[in-house]
Amino acid sequence: MEKSSTRKWLILALRRAGEAVTLKKGKSMREVMKEKGVLEDFLKHHKVDPARKYHFNNYNVAYVPIANYLDSFYFGEISIGTPPQNFLVLFDTGSSNLWVPSTYCQSQTCTNHARFNPSQSPTFPDIGVTYTLDYGFGDLTVVLGYNTVTIQNITIEHQEFGLSQDEPSSPFYYTYFDGILGMAYPPVTIPGYNTLMQEMLQQGQLTEPTFSFYFSRQPTYDYGGEVILGGIDTQLFSGQITWVPVTQEVYWKIGIEEFAIGQQATGWCSQGCPGIVDTGTFLLTIQEQYMGGFLEAVGAQESNGEGGYMASGSNVQNVPTTTFVINGSQFPLPPSVYVLNNNGYCRVAVETTYVSSQNEQPVWILVGFAPLA
């Protein structure tokens, strides 16, 4: 397996030479919807703001804009039930619930994906509780149940999960993944139920409370990277690991001390900025009031029709490196990491957010950039 470059890496940690799940690289929703000719209309009617994911409504409704997942394309396989039924899920550190499509849902959106069939799993008890996920353009309703969840050689007994009863057709129909496996903290899961990570720890499936992600720089559908539950594979990187304290145990929220473009510090984080490490999206967020300055610095402009911001593919080498300073360490992002070059048609992997922190400093979503190109 290839090693990453010798720069420092920020490791997601709760804290086994662990169980590795191979991540597949499929097409993102954005790519599929573009191919089907429905992307432009979707973006006209649905505002993309990844940071809105971190707002909440009442206790039984979670607001998680599905547009956050437009550029997600790394998924891994799990199984649920006895005998096992397989699903391709997004391992998402920006949410905490596990849900998959089910035979309770008869729409084309659900039948286009693997569906959990309770009648084929004698170990399935229906809790009889329903829960709503608000994705900004329509509700996804799940009924809660318990069953055995298997991830490689890890078996979690009596795990709560959601079975979809109804899913909005657009854009769920176009997703490569079937469901979502949330890996954030318990406060954002359904009240009264344990997250998958909690159950793995309580059932002694992990000797250390750690998980880590590796995204390949040369991804294929069969191997796009790995998520390692219970450890870190030192063969997948070189250099040092920078350990960063979590500032709020809700999401994987950390502190950012500075953000620089090229050699110039911006001062945007002069009072400290919150950053959320989120594998559920592959776009870097930039606060609305700073986006103009950022686009000017990288020579990009807003795209018409497809959303996002475009740069000249012929001048990518002239785009400056951007750098985050986190816990005293610099994390540089060269243009090859955050500019997507598709035959000279270059899209900058950033998105505007309108959500500010309590001290009015920018909220950054930090993502797995390595495999974007």
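The values are calculated or read from the model by the stated rules, or taken from the named source; none is laboratory data. Everything numeric here is computed off the predicted structure, so don't read it as measured data. Glycine gets a Cβ as well: all are built from the backbone with ideal geometry, and neighbour counts include every protein chain shown. When the accessible area is computed, the model is the full protein with side chains, heavy atoms only, and any ligands, DNA or RNA have been set aside. Shrake-Rupley method; radii C 1.70, N 1.55, O 1.52, S 1.80 Å.
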On a full-extension model of 0.36 nm per residue, what is the gain between GLN289 and GLU157, subtracting their alpha-carbon distance, rounded to one decimal in nm? 42.8 nm
Please give the peptides 181-192, 148-159 ranked by average Cβ packing (other Cβ atoms within 10 Å per residue), highest first, as a rough proxy for protection. 181-192, 148-159
Calculate, for ASP126 and SER169, the FRET efficiency according to 1/(1 + (r/R0)^6) with r their C-beta to C-beta distance and R0 30 Å; round to the nearest 0.05. 0.75
Charge-dipole axis of region 109-197 as Lys and Arg at +1 and Asp and Glu at -1 on Cβ define it, positive-most pick from SER164, THR150, LEU133: THR150
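Given a Förster radius of 35 Å and the C-beta distance between SER119 and GLN202 as r, what FRET efficiency does 1/(1 + (r/R0)^6) yield to the nearest 0.05?
For SER119 and GLN202, the calculated efficiency is 0.75.
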Which percent of the accessible heavy-atom area of region 135-204 goes to carbon and sulfur, probe 1.4 angstrom? 42 percent
Computed over region 177-294, protein heavy atoms only, probe 1.4 angstrom, the accessible area per residue in square angstrom equals 40 Å²
